[in-house]
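Engineer: Below is one structure. I have some questions about it.
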Amino acid sequence: MANKNVEGLKLALKDKNCTLEKHSDVIEIIFQKEEDADWFQDIFDYLQRESAVCCLMPIRPKNTPPKLIFNVKDMDKLISLIKKEK
C-alpha cells in the first residue's frame, strides 16, 4: 500500500475528525467522535461487499476515542466508495 494511497484515504476522511495509521495491509483509524466511528462501522458491510476491505475489529473502550482496525483489499476502491458515501 503506497503512502500516496494512505494520503488519499486521509483526504477522503478529512471531514471526519480522525487519525489514520497504516500497518502493512492493515489500517487503524481512531475517531474523535462516536458518530464518525458509527458512520464508518455502518458503511463497512457495504465496503466489504464491494471487496475493498475485510475483517473489521472495532475497539470502543469507555472514555477513550473509538478505534477501528481492518484489512484493506483495494485501497483505490475504498477511497472511491468512501467519497461516494459522504
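What follows is calculated from the coordinates using simple rules that are stated; it is not laboratory data. This is a predicted model, so every value here is computed, not measured. Using ideal geometry, Cβ is built from the backbone for each residue, glycine included, and neighbour counts are taken over all protein chains shown.
Engineer: Looking only at strands (runs of 3 or more DSSP E) that lie completely in the chain, which have at least 2 residues being crowded, with 18+ Cβ neighbours inside 10 Å?
Structural biologist: On the way: elements: 18-23, 26-31, 53-59, 67-72.
Ranges flagged: 26-31, 67-72.
Engineer: Can you list residue pairs whose Cβ atoms sit under 6 Å apart, with the first residue in region 12-41 being closer than 22 Å to Asp76 by Cβ and the second being β-branched (Val, Ile, Thr) and exposed (fewer than 15 other Cβ atoms within 10 Å of the Cβ)? Count only pairs 6 or more apart in sequence or on different chains.
Structural biologist: none
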